[in-house]
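As structure tokens, the structure follows; a few thoughts come after it.
No value in this document is a laboratory result; all are computed from the given coordinates. Computed from a predicted structure; not experimentally measured. Note: ideal-geometry Cβ built from the backbone for every residue, glycine included; neighbour counts use all protein chains shown.
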Amino acid sequence: MGNLQILLFALVLDYAVGDPQKLWKKLPHPAVLMGKMVSLFDAYLNNGSALKLKGIVSTILLSFSAIFIGWFIKWIPDFNILELISVTILLAHNSLVKHVKDVGDGLTQSLSAGRKAVACIVGRETKDLDVSNVSRAAVESAAENFSDAVIAPAFWYVIFGLPGLILYKMTNTADSMVGYRTKKYLQYGFGAAKLDDLLNLIPSRICGTLMCITHRSQHSFGIMIKDAKLHSSPNAGWPESAMAALLNVALSGPRIYNGKLTNDPFLNSTGRHSMTSNDIKKAIMVLNRSWFVFTCFIATLVFFTWAF
């Protein structure tokens, strides 16, 4: 099977099955193993002087490790079965939808349950968030992570095969662990953060555009083009501003990280600022509809490669 065929099967398998939790209770998830590799380099290199250089070296070593693992799996003569399993595991649409849905379900029970659920998917402080801000955090996470969990992995798999996909996931994991602008990671996490920005540059824009095309909304596309650059991230603003426009809500804005209030502007600032768990449900519908159109597009490409 070629990359497109494997990707198509993996997209469907991930949507239908997701992460088998019983399996991961017995075996470590690949993302967990990647996290342990990142932590190992962090423990040995993130100290003393020349932290930026050490961080760049660790990013390079992690990148080569990811590429080697991808090549090794692809080299195994098993009719691409292990590769299909790997791609399915490393796509995470099912898991993303589940975690976002958990926030909405939590809010229907109590505000504290909603805060607890959203704390699992965002990096901001959540203990003082009200219903509207819990809902906003969940919707933002849904939009940004649709790019990180589906579109970007699929993009790099199509371009560079399994080595490209594992490289992306390794980099994304490293960025989520050390790519923070804190005293500890400002210098050391520079390499991981910049590589993650680079690898998400094209996929994030594809993701936002896909959302707008899927809903045939030229208006949302215009807002995305105008507001994406307002986000503190060079990439997250694209899917988030598209989602904000599609739901007619204001996303981003001031948030608390590490005890400090940011002064980030709102995306789609004229949209509704008060949000509820119903907006989370609508965001999940946007994700599922966009996933369906994306999968149909891959299926179309597969058909033409077979036919011609």
Any idea what the dipole of the range 191-308 comes to, in debye rounded to 20, about its Cα centre with Lys/Arg Cβ at +1 and Asp/Glu Cβ at -1? 180
Max mean-square fluctuation residue, GNM over the chain, Cα-Cα springs under 10 Å, options A137, A113, A193: A113
Amide proton proximity set for F266, modelled H, under 5 Å, gap of 5+: G253
In the structure displayed, which of K226/K281; K226/K282; K116/K183; K101/K260; K25/K101; K101/K229 lie more than 30 Å apart, Cα to Cα? none
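With charges set only on the Cβ (+1 for Lys and Arg, -1 for Asp and Glu), what does the dipole of the chain come to about its Cα centre, in debye to the nearest 20?
Numbers: 29 positive and 20 negative charges, 92 e Å.
I would put it at about 440 debye.
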Give me the net charge of M224's neighbourhood, meaning all other residues with Cβ under 12 Å from the Cβ of M224; Lys, Arg count +1, Asp, Glu -1. +1
Amide H neighbours of R272 under 5 Å, counting only residues 5+ apart in sequence or on other chains, H built in-plane at 1.01 Å? V249, A250
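Excluding A283 itself, calculate the net charge of residues whose Cβ lies under 12 Å from the Cβ of A283, where each Lys or Arg counts +1 and each Asp or Glu counts -1. Write down the numbers at each step before the final one.
Details: positive: K101, R136, K281, K282, R289; negative: E140, E144, E240, D279.
Charge balance in the 12 Å sphere: +1.
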Students often get this wrong, so try it: which of (1) 26, 23, 20; (2) 49, 24, 17; (3) 29, 26, 19 is semi-axes √(5λ) of the Cα gyration tensor in Å as calculated from the structure shown? (3)
Can you sort L198, L62, L267 from fewest to most other Cβ atoms within 10 Å of each residue's own Cβ? L198, L62, L267
Amide H within-cut-off set for D130, under 5 Å, with H built and near neighbours excluded: none
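Treat the count of other C-beta atoms within 10 Å as a stand-in for reagent exposure and order S65, S58, S112 from fewest to most.
Going from least to most buried by this count: S112, S65, S58.
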Taking the dipole about the Cα centre of the range 3-307, with the C-beta of Lys and Arg at +1 and of Asp and Glu at -1, give me whichever of P265, H93, V158 is farthest to the positive side. P265
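Using a Förster distance of 41 angstrom, determine the FRET efficiency expected from the C-beta separation of W71 and R289, and round it to 0.05.
Values: r = 36 Å, r/R0 = 0.87.
With R0 = 41 Å, the Cβ-Cβ based efficiency is 0.70.
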Charge dipole of the chain built from unit charges on the beta carbon (Lys, Arg +1; Asp, Glu -1), centred at mean Cα; most positive-end Cα among V32, V302, L129 is L129
Of M170, L287, G114, which is farthest towards the positive pole of the chain's charge dipole, taken about the Cα centre with +1 and -1 on the beta-carbons of Lys, Arg and Asp, Glu respectively? G114
Centroid-to-centroid separation of the range 44-118 and the range 229-308 [C-alpha atoms, Å]: 20
